[in-house]
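The numbers here are math on the coordinates, done by the rules we state, and not lab data. Just so we're clear, the structure is a prediction, and the values are computed from it rather than from any experiment. Every residue, glycine as well, gets a Cβ built from its backbone with ideal geometry; the counts of neighbours run over all protein chains shown.
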Amino acid sequence: MKIYDWHFAPNPRRVRLFLAEKGIDVPLEEVGTPAFGLKPEYLAAHPEHAMVPMLELDDGTCIGEAMAICRYFEELHPEPPLMGVDAKDKAIVEMWERKATEGMLSMSEVLRNVEKGFVDRSLPGYPGQVLKQIPELVERGNARLEKFHRVFDAALAKNRFITGDRFTVADVTAFCLVDFLPVVGMPVPAEFRNLHRWHADVAERPSARKTR
Ligand SMILES: N[C@@H](CCC(=O)N[C@@H](CS)C(=O)NCC(=O)O)C(=O)O
């Protein structure tokens, strides 16, 4: 078993951080390149998915999508539970994880349409295809990201973690986003004090330190 990784990128970190919370070690294979992309050999072997993270099982089965990989390990290693503990809690955690993913996509919408390294590659997962940047999407992405800040800051005004007292996969996704934002010149504005307090708290967790 191994996980194809791109250490710099926020989506593979979601899986690494999730596994670190559970104390599971899975070998990683780095397939990122300094040229803001993935190695040609990896893309050639996985032309349909063409993104990371990707889990490859010993029988050759490949599972892409960060949340699908997390679900696999949650089923095999239920403790500590990171995806909710009963029907209501599972639904709430999934709702917030999806909102956090929406935040991740907002950041990506801005970055992929502004960063020179992504000229002609404005969406991940389309190797060999020219997908030109669309400058108008930057404004829309920023509006989506501002909503992420507002909504998560309000939730964190009430709770230590996003859904309550328990650290969940919603925190994993949101943290990987918030921690990445300054790297790409979009730090969370200072006014969102609850988000900053939560970020500082989560950044001290061994899982966050291990996956830096
Ligand atoms: N929906 C996917 C998103 C994965 C994704 O966007 N991965 C990026 C890295 S953060 C990627 O593989 N990019 C490849 C590229 O830019 O060519 C997931 O949740 O795993």
Nearest-5 percent of antiparallel DSSP beta bridges in the chain? 65 percent
Take the alpha carbon gyration tensor of the chain, find the square roots of its eigenvalues, order them as a ≥ b ≥ c, and report rounded if a/c is under 1.5; if not, report prolate when a/b exceeds b/c, else oblate. oblate
Please work out whether region 1-103 counts as rounded, prolate or oblate from its C-alpha gyration tensor, where a ≥ b ≥ c are the square roots of the eigenvalues and a/c under 1.5 means rounded, while otherwise a/b larger than b/c means prolate and anything else oblate? prolate
Likely footprinting exposure, Asp89, Asp120, Asp179, fewest C-beta neighbours within 10 Å first: Asp120, Asp89, Asp179
Can you work out ³J(HN,Hα) from phi for every residue in region 173-188, in order, using Karplus 6.51 cos²θ - 1.76 cosθ + 1.60 and θ = phi - 60°, giving whole Hz and x for Gly and Pro? 5, 5, 5, 4, 6, 4, 5, 7, 4, x, 4, 10, x, 10, x, 4
What order do you get for Cys62, Cys70 when you list them from fewest to most C-beta neighbours inside 10 Å? Cys62, Cys70
Charge sum, other residues only, whose C-beta stays under 13 Å from Ala203's C-beta, Lys/Arg counted +1 and Asp/Glu -1: +2
Dipole-positive endmost among Val93, Phe73, Thr61 within region 46-101 (Cβ charges, Cα centre): Val93
Please report the relative contact order for the chain, taking Cα pairs under 8 Å with a sequence separation of at least 6, and give it as a percent rounded to a whole number. 22 percent
DSSP loop GluC sites (Glu not before Pro) in region 125-212 with at most 14 other Cβ atoms within 10 Å of their Cβ, which ones? Glu191, Glu204
If you average the C-alpha positions of region 176-196 and of region 1-35 separately, how far apart do those two centres end up, in angstrom? 22 Å
Pairs Lys99/Lys132; Lys22/Lys147; Lys147/Lys210; Lys99/Lys158: which are spaced more than 20 Å apart, C-alpha to C-alpha? Lys99/Lys132; Lys22/Lys147; Lys147/Lys210
